[in-house]
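Have a look at the structure below before the remarks.
The values are calculated or read from the model by the stated rules, or taken from the named source; none is laboratory data. A quick note: this is a predicted structure, and the numbers were derived from the prediction, not measured. Methodologically, a virtual Cβ is constructed for each residue, glycine included, from the backbone with ideal geometry; neighbour enumeration extends over all protein chains shown.
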Amino acid sequence: MSQNFRFVVLLVSSVSLALSFSFSQTKKTPANAEGHQWWQDAVFYEVYPRSFADSNGDGIGDLKGIESKLDYLSQLGVDAIWITPCYPSPQVDFGYDVSDYENIDPMYGTLADFDHLVEAAKKHHIRIIMDFVINHTSDRHPWFLDSKSSRSSAHRDWYIWRDGKADGQPPNNWISGFGGSAWKFDPTTGQYYYHYFATAQPDLNWRNPAVEKAMFDVTRFWYKHGVSGFRLDAVDLLFEDPKLRDNPILPGKDEMGDPNMLNKYNDKLPENHDVLRRLRGVADESDAVLVGETYTDSAAELKEYYGAHNDEIQLPMDFMFCTVDKLSAPAFRKQIALAESTGGWPVYVIGNHDMARSYVRYGDGKHNDQIAKLMAAMYLTLRGTPVMYYGEEIGMENNDPQRKEDVRDPMGVTGWPKYKGRDGERTPMQWDGSANAGFTTGTPWLPVPASAKTHNVATESNDPNSILQFYRQLLLLHHQNQALVDGDYVALNQDDPNVLAYLRRYEDQAVLVVLNMSAATQHMSFNLSGEGFSFAKAKTLLTTSAPARSGRLDQIALEPFAVYIAQVSR
Ligand code: NOJ
């Protein structure tokens, strides 16, 4: 993957359930792992507010829409929702270009609506996490308007301004993640400003203490409004080399048609960590969590984000996990081992608003629903905190634009036709089988795919074998089973090319998870005597495979892509 392309753009682009408990979602009685912080036992759920639920018929989701779905989220088993930016914004990058950090964009509602949402969510035992766009603002933010007005303006040094080269070319060769040079010439003052993303997203100068103070105050503002933390946008990119040295060029071109580049001088500079420690200090005053958009390339880099004394980001998302671009037991085994090796609390994600939906990334076109369950069973039973993406729980698929004129995402506009952008994974939540999937009474801002007729909340709520019901059951287990809450991760049958199997072991009990990642039936046998467990004492907790229900660990037959989860004891 090219270094300057921030997002993991992974171009891709029945069974019955045996449950040992009757299903009614009561996740609010967690197994209470000793010594855990609230965010370790929480399941996070990303809401893209434009696309979640529209309360006023303008075709764009809003805060009241989110509030109207709290019952759904609570019954699903979600503990915290991360709302992508809903601050006032010109919407060049759909909210990631913020023009006022301390308000709500009128298209989403008001600050009073936000306060109301926080209160209502609290009653549902759901916390709200905001998205903190920390690296850059909108070019319409008053700070930038002042900054660009003259070389001597009060905010001039809040952004990165430089002279061009003698021949008038940009100060260096850095490339924007949105395509083209990362520098834009501004004729008013005759200098270039730096923008890692779109030209409308100028980078803040984090070497200026006034920037740090203003931005830290933003977090204090929202803590006072009851938020429980932030997801830190583009947090790798806060600092740039003061000498602005050219980045090394790599062979080939990226999806935007630019040369591949190693972002040696503008990505993950050591200075990031000083800011993160101080930002964490502010978060700790409010028992808040920092979730990181951390694009790392190694266990060592991921480990650094936790902080040498666990004093930086509590939940750095592990996107290396998402680089596994096909179902592969060995590849996932390796990534899990890597996350475990950091010594930190892992954060697993299989999809978000910047990458093609997991349903299409891993689906084989024939067993997609089954594979969606398999993926869920994996990342919701691993040790760590999962971050779900809205719609994943009903098997939403990508609905990529077919024509360039339909593309809304600025990256898709530049990248077309090679890269169609991110609209496909941001389509309206599918609530029911009606014309606009119950998302809006108006015209949705992005079209709903035909698959919404079958893959929607209403239909799947009535189908015991649906992806949604499977998620509900998994989330219930995730919260209530002591070994899943608190157990170690122990990899099993590590040479198996087809089946990913592991134990979550807690004191004298354990949960065995067996995931057939192949299209063939697999016959498995587990001897857990070395781990001190007996095969005779297996009790099926959740499975999608009828033959697996016997509970005999020495003779499990798993159908293609089947899931088997069992409690074992001594
Ligand atoms: C990462 C966000 O997830 C993405 O959607 C956005 O375009 C960039 N950061 C810029 O803020």
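Out of LYS268, LYS303, I need the residue that is modelled with pLDDT of 95 or more and within 25 Å of TYR194 (Cα to Cα). Which one?
Of the residues listed, the single one that is modelled with pLDDT of 95 or more and within 25 Å of TYR194 (Cα to Cα) is LYS268.
State all residues of segment 119-134 that are away from the ligand (no atom under 16 Å from the Cβ) and assigned to a strand (DSSP E or B); if no residue qualifies, say none. Break it down stepwise before answering.
The initial filter retains those residues of segment 119-134 that are away from the ligand (no atom under 16 Å from the Cβ), namely 119-128.
ARG127, ILE128 - these are the residues of segment 119-134 that are away from the ligand (no atom under 16 Å from the Cβ) and assigned to a strand (DSSP E or B).
Among the residues in segment 98-118, are any among the β-branched types (Val, Ile, Thr), more than 16 Å from LYS69 (Cα to Cα), away from the ligand (no atom under 16 Å from the Cβ) and in contact with a Ser or Thr (Cβ under 8 Å, 6 or more places away or on another chain)? Walk me through how you get there before you give the answer.
At the first step, the residues of segment 98-118 found to be among the β-branched types (Val, Ile, Thr) are 98, 104, 110, 118.
Going one step further and asking which of them are more than 16 Å from LYS69 (Cα to Cα), we end up with 98, 104, 110.
Right, trim to away from the ligand (no atom under 16 Å from the Cβ) and you get 104, 110.
Retained after the next criterion (residues that are in contact with a Ser or Thr (Cβ under 8 Å, 6 or more places away or on another chain)): 104.
Within segment 98-118 (the criterion being among the β-branched types (Val, Ile, Thr), more than 16 Å from LYS69 (Cα to Cα), away from the ligand (no atom under 16 Å from the Cβ) and in contact with a Ser or Thr (Cβ under 8 Å, 6 or more places away or on another chain)), the answer is yes, since at least one residue qualifies.
Please go through segment 84-104 and pick out each residue that is buried (at least 23 other Cβ atoms within 10 Å of the Cβ) and touching a helix residue (DSSP H, G or I) at 6+ places or on another chain (Cβ under 6 Å).
The answer is CYS86, and nothing else.
Which condition from (1) surrounded by fewer than 22 Cβ atoms within 10 Å (Cβ to Cβ); (2) within 16 Å of the ligand (Cβ to nearest atom) is the one that PRO401 breaks?
With respect to (1) surrounded by fewer than 22 Cβ atoms within 10 Å (Cβ to Cβ); (2) within 16 Å of the ligand (Cβ to nearest atom), PRO401 is out only on (2).
Being outside the structural domain of TYR305 (by TED's automatic domain parsing) and in contact with a Ser or Thr (Cβ under 9 Å, 6 or more places away or on another chain), is that true of even one residue in segment 214-222? Before you say what the answer is, go through the steps one by one.
Applying the first criterion (outside the structural domain of TYR305 (by TED's automatic domain parsing)) to segment 214-222 yields none.
No, the conditions are met nowhere in segment 214-222.
Across segment 83-97, what is the number of residues that are more than 12 Å from the ligand (Cβ to nearest atom), part of a loop (DSSP other than H, G, I, E, B) and either modelled with pLDDT under 95 or in contact with a strand residue (DSSP E or B) (Cβ under 7 Å, 6 or more places away or on another chain) (or both)?
Summing the residues that are more than 12 Å from the ligand (Cβ to nearest atom), part of a loop (DSSP other than H, G, I, E, B) and either modelled with pLDDT under 95 or in contact with a strand residue (DSSP E or B) (Cβ under 7 Å, 6 or more places away or on another chain) (or both) in segment 83-97 gives 0.
Condition test on SER153, is it of a type in the set (Ser, Thr, Tyr), crowded, with 20+ Cβ neighbours inside 10 Å and more than 16 Å from the ligand (Cβ to nearest atom)? Give the steps one after another, and end with the answer.
Numbers: of a type in the set (Ser, Thr, Tyr): yes; crowded, with 20+ Cβ neighbours inside 10 Å: no; more than 16 Å from the ligand (Cβ to nearest atom): yes.
The answer is no for SER153.
Being touching a Leu at 6+ places or on another chain (Cβ under 9 Å) and over 21 Å from ASP284 (Cα atoms) narrows it down to one of ASP93, ASP113, ASP131, ASP100, so name that one. Give the steps one after another, and end with the answer.
On the way: ASP93 fails: touching a Leu at 6+ places or on another chain (Cβ under 9 Å); ASP131 fails: over 21 Å from ASP284 (Cα atoms); ASP100 fails: touching a Leu at 6+ places or on another chain (Cβ under 9 Å).
On inspection, the qualifying residue turns out to be ASP113.
With touching a Leu at 6+ places or on another chain (Cβ under 6 Å) and more than 15 Å from ARG570 (Cβ to Cβ) as the only criterion, which of LEU503, LEU512, LEU468, LEU474 stands out?
Exactly one of LEU503, LEU512, LEU468, LEU474 is touching a Leu at 6+ places or on another chain (Cβ under 6 Å) and more than 15 Å from ARG570 (Cβ to Cβ), namely LEU474.
Could you count how many residues in segment 203-251 are aromatic (Phe, Trp, Tyr) and more than 20 Å from TRP143 (Cα to Cα)? Before you say what the answer is, go through the steps one by one.
First pass over segment 203-251, keeping only residues aromatic (Phe, Trp, Tyr): 206, 216, 221-223, 230, 239.
Pick out the ones that are also more than 20 Å from TRP143 (Cα to Cα) and you get 223, 230.
So the answer is 2.
Identify all residues within segment 49-59 that are of a type outside the set (Gly, Ala, Ser), over 19 Å from ARG472 (Cβ atoms) and crowded, with 23+ Cβ neighbours inside 10 Å; write none if there are none. Step through it out loud before you land on a result.
Quick first cut of segment 49-59, residues of a type outside the set (Gly, Ala, Ser) only: 49-50, 52, 54, 56, 58.
Now restrict to residues that are over 19 Å from ARG472 (Cβ atoms): 49-50, 54, 56, 58.
Across segment 49-59, the qualifying residues are PRO49, ARG50, ASP54.
Condition check: within 16 Å of the ligand (Cβ to nearest atom) and more than 23 Å from MET215 (Cβ to Cβ). Does GLY179 satisfy that? If you could, list the steps in order and put the result at the bottom.
Working: within 16 Å of the ligand (Cβ to nearest atom): yes; more than 23 Å from MET215 (Cβ to Cβ): yes.
Spelling it out, GLY179 is indeed within 16 Å of the ligand (Cβ to nearest atom) and more than 23 Å from MET215 (Cβ to Cβ).
Taking only segment 284-343 into account, find how many residues are of a type in the set (Val, Ile, Thr) and more than 16 Å from the ligand (Cβ to nearest atom).
Here the count works out to 5.
Scan ILE350, ILE313 and give me the residue that is surrounded by 22 or more Cβ atoms within 10 Å (Cβ to Cβ), closer than 24 Å to ASN498 by Cβ and among the aliphatic types (A, V, I, L, M). Before you say what the answer is, go through the steps one by one.
Values: ILE313 fails: closer than 24 Å to ASN498 by Cβ.
Result: ILE350 is the single residue among ILE350, ILE313 that is surrounded by 22 or more Cβ atoms within 10 Å (Cβ to Cβ), closer than 24 Å to ASN498 by Cβ and among the aliphatic types (A, V, I, L, M).
Could you list, in sequence order, all residues of segment 424-436 that are within 19 Å of MET256 (Cα to Cα) and touching a helix residue (DSSP H, G or I) at 6+ places or on another chain (Cβ under 6 Å)?
Filtering segment 424-436 down to residues within 19 Å of MET256 (Cα to Cα) leaves 424-425.
None; the set is empty.
Contact list please: Cβ distance under 8 Å, first residue in segment 201-218 and at pLDDT 95 or above, second residue surrounded by 18 or more Cβ atoms within 10 Å (Cβ to Cβ) and among the polar types (S, T, N, Q), pairs at least six apart or on different chains.
Close Cβ pairs satisfying both conditions: GLN201/THR137; GLN201/SER138; PRO202/THR137; PRO202/SER147; ASP203/ASN135; LEU204/ASN135; LEU204/THR137; VAL211/ASN205.
Regarding ARG231, is this residue among the charged types (D, E, K, R), within 16 Å of the ligand (Cβ to nearest atom) and at negative phi?
Working: among the charged types (D, E, K, R): yes; within 16 Å of the ligand (Cβ to nearest atom): yes; at negative phi: yes.
Spelling it out, ARG231 is indeed among the charged types (D, E, K, R), within 16 Å of the ligand (Cβ to nearest atom) and at negative phi.
Filter segment 201-242 down to residues that are closer than 23 Å to PHE178 by Cα and more than 24 Å from the chain's Cα centre (by Cα), then give me how many there are. Break it down stepwise before answering.
From segment 201-242, those closer than 23 Å to PHE178 by Cα are 201-206, 231-242; that's our starting set.
Now drop any that are not more than 24 Å from the chain's Cα centre (by Cα), which leaves 205-206, 240-242.
Qualifying residue count for the region: 5.
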